[in-house]
Structure formats: C-alpha cells, structure tokens
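Rule-based calculations on the coordinates, nothing more; no lab input. Being a predicted model, the structure only gives us computed values, none of them experimental. Backbone-built Cβ (ideal geometry, glycine too); neighbour counts: all protein chains shown.
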Amino acid sequence: MAYSAALNTVYNQYLTTYAPKKSDTRYDTHKRSELKGITNSMVRVNKDAPLYKLESSPESREFIIGLKEESRIFQNTIMSSVGSNEGGDIDGKIAYSSDESIASAKYVGEDNASLMVEQEVDADGTVSYVNKEVPEYKIEVQSLASAQVNMGKYLPMNELGIEPGDYSFDMTVNGQGYEFQYTIREDDTNFDIQNRLSRLINNSGIHLTSTVEEDGEGNASLRIESAQVGIHFGENSRVFNISDPADRETGSGSVKYFGIDYVAREASNAHFTVNGIEASASSNTFILEKNYEVTLNGVSPEEGIGATIGVKPDTEAAVENISNLIGGYNQFMEKMAAYKDTMSRSNALMGEMYGIAGLYSKDMSEMGITLDDEGIMSIDRDKLSKAIVSDDAAGKVNMLKEFSNAMMRKSRQVSLNPVSYINKTVVEYKNPGKTFSNPYTASAYAGLMFNSYC
C-alpha cells in the first residue's frame, strides 16, 4: 500500500508539473505515418550518438520536458502562421470585387497556397504541372434568383366581407402538405384576419414569410413569400400552392376572398455570364471554381458592364500572421532565458536561435522587424504594413518564409533530441561506421523522469 501511495504521488507530481500544456490546435493531431516518421527520426539521431550518463537532477528533468513542450508550441505557432508545409503562404488573401452593387466575393481557396497547380498534357503524352495565379473572373448579371411571391387582394382594413365562422385552407410547400385552421369572429375586420393569418404562417416553420402591406388608402393585402429562392433540380417554379379545401364546403372560401392563391411572381434562377460564358444558379450565393464564394447583389445596368472578381493580399491578415510568428520566436527565447543561470546548455540553444535570426535581421529590419542584443524581436506594425504592399513585397515575404522554415527545422531538431541540451557525461563513443540502431536509446527522454523513483 505504501508503494502504491508513493507511486500515485509520483504520477500526480508529473501531471501537475511536467504534463503537456492543454492544446486545442489541430497541429497536435498526427496520422500514424507521421508518428512512425518521428520515431524513425529519433532512432536515426541516436544511432550515432555516444553512450552517456544523464544528469538526473530535478532541474534537469524540468528543463528537458519544458524544452520539448516549448519547441512543440513554437512549431504549432509557425504552422498556424505560415502553413504546415515549407514554402507555405505567410500572407492571407482576400477577394475583391470591382463593383459590389453587382457582385461581392469571399476567397475560399486553399489558405496556404498562393498558386494554383494545373495539370497539362503535352503532345507526347507527358504530364506536367504548371503553377498559375488564382484567376480573375468578370461577371455580368442578367437576373437574380428570386423567391415565389403570392399577393392577396387589397381589402378595406376596417370592414369584413366574409361570414364569421371556422375556416381552413390547404398549403403545399415543396410537395409537403399542410392544413391551417382559424376562426373569424363577428367583431373581426379584414385587417385583423390578415394579421392573424400572417402570424399563423410565420410561426408554422414551413419556410414561408408573410407580411401585411397597406396601400395608403385604407386597404391592406396579405403578402406571402418563400424562403427558398430559385428552382432546385427536379422542382418547378411553384415552390408553394394555397387552396381552399377541395373535399368539403364547410370552412372553405377564405382563400378566394383574401386572394392569397394569386402568384404575383414565380421562383426563378439567377442568370449571368462568367467571362462571357452563360451560367445560372438556383441561389444568389454560389461557389465559383472552388476559389470564390460569390454573392450576386444586383443586375448589370447594361450589357458589357459587370464586376471583376479577384484576390489581393490581405494586409491585416499578413501583419497578424507575421506578428504571431515573431511572438512565437520571442516566447521560445524568453522561456529558454529563464534557465540561463541553472542550465548552461540553454545558452548554447539561445545562441543557435539568435544565429539563425541574425542571418535574416538585415532584411527583416527593412520590414520593421528588429533584433536586439538579447535575441528578442520587435515589430513596427505600420512599417510592416507598408512593406507588405510595396513593389518588392513578394521578395520580402519569401524571405520571411525562409526564416520560418529555418526556425521550423531547428525546433524539430530540438523536439527530436532535447537530451542534447542538458549536462551529461560521455561514457563511450560508438565505433565509427559500425553503428546500429538501439531502440533503448530513444527511451532516455522518458526514462529520466522516473529513474530516480525506482
């Protein structure tokens, strides 16, 4: 029992002090092949490593676990800011429209791909892949997708021209039938009944909306409109139908009296051209070539006039992504600086990180990113925003991608072999050229946390 209690204390100490920080990022989820690749990398790293004895102090254990965790967090920051693949796109893209009154757009293409890759087949059958910019499209709109509208008769608001009693009417919406029942009292007016029917339809949840409209001359009409616009595949232009009950006379006649069976406008699809090619859609919002979510807002004033849809750099997103990248680097350096007085090898790691950042410091300073003597970076956001939209912005962004790639490679190296940054004593070097994979070597990182308790 005493042994069990001691072991529970050990595990609780590990979970509260050393356990990984909770993370909701998708980058902490790995495929089986990725985990296998990490294991193989660890084995390769340790294949040529000498046999050494680790320093087993509590400070060393805390440092090595913290080092691995901080490198993991830094990797997640890089991937969320730049992309999971080297050469990813550090700047976001935003769609634009030359005329929002005709069409607006939202970019929905790949977040980390600034170029589209298209397959081309040469005359000899050779398949090649060509990078092309995300294309622009010119859209001319002839008509918008519309909903069905039924317009009732304009009746005197303060009169009642139908006998009091119980009434009902049938309604079919996209092939689904419904029956509505209501009562007309002696003191009701046309306006009272129209408002009552409007509330009845709106509260029914059958994807119809109803309003009572006045003509300014003391008359009112019941207007009913479908929530669905356009004509879906296999359906007709009549989204809904309203009729008096056909199988009984009692309670019938109100549909004809109020005139709500009159179809003022049938549902119709949107008709437009994309780069001169005719097209149609059952909705005014649709996906265009997997790149844009386009919303048609109005009809072109005349033939030949339309809206040009394209993409441009999203300056705000780019500044935010770059700020996150630099912030992740600074956080890693600050965490390592906390061990300067207790773990001498932390200085070596900070020097390596500082050396990588120094290679890009001159170019980054032109973008408003400066590196101080302690290895910490600061950002002038105004200068950075101007640099992103300058004539040589592409070269500057590519430089930042190279910096992030270098940091990613370094953080992965640290994550694979954090033991190399703690104090240790070499016991034996391996025979050059005759090394072999030792599966037990990869467990040194895990084992050092429990050896002192066994």
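Here is how the numbers come out for the structure above:
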item: Calculated over the stretch 149-264: convex hull of Cα atoms, volume per residue (Å³); result: 96
item: Loop GluC sites (Glu not before Pro), the stretch 151-260 (other Cβ atoms within 10 Å of the site Cβ: 13 or fewer; DSSP); result: Glu159, Glu186, Glu217, Glu249
item: The stretch 339-410: trypsin sites (Lys or Arg not before Pro) falling in loop per DSSP and having at most 13 other Cβ within 10 Å; result: Lys340
item: The stretch 149-264 - charge dipole about Cα centre, Lys and Arg +1 at Cβ, Asp and Glu -1, debye rounded to 20; result: 400
item: Mean separation of Cα contacts under 8 Å, 6 or more apart, over the residue count of the stretch 149-264: relative contact order %; result: 39
item: Spatial separation of Cα centroids for the stretch 351-402 and the stretch 218-240, in angstrom; result: 57
item: Binned Cα-Cα distances of the stretch 223-346, short to long, each 10 Å bin given as a whole percent; result: 9, 21, 17, 14, 13, 10, 8, 5, 2, 1
item: Overall form of the stretch 141-202 per C-alpha gyration tensor (a/c, 1.5; a/b vs b/c); result: oblate
item: Computed FRET value (nearest 0.05) for Asp215 with Ile287, which takes r as the C-beta separation and R₀ as 45 Å; result: 0.60
item: Charge tally in the Cβ shell below 14 Å around Ala49, where Lys, Arg are +1 and Asp, Glu are -1, Ala49 excluded; result: +3
item: Reachable lysines, given that their alpha-carbon falls under 24 Å from the alpha-carbon of Lys36 and they are not under 8 places away in the same chain; result: Lys21, Lys22, Lys47, Lys68, Lys410
item: Theoretical gain in end-to-end length, Ala264 to Val427 [0.36 nm per residue, Cα-Cα removed]; result: 49.5 nm
item: Average Cα contact separation per residue, the stretch 314-437, under 8 Å, 6 or more apart, as relative contact order %; result: 27
item: Among Pro245, Ser210, Pro156 - extreme Cα towards positive end, dipole of the stretch 151-294, charges at beta-carbon; result: Ser210
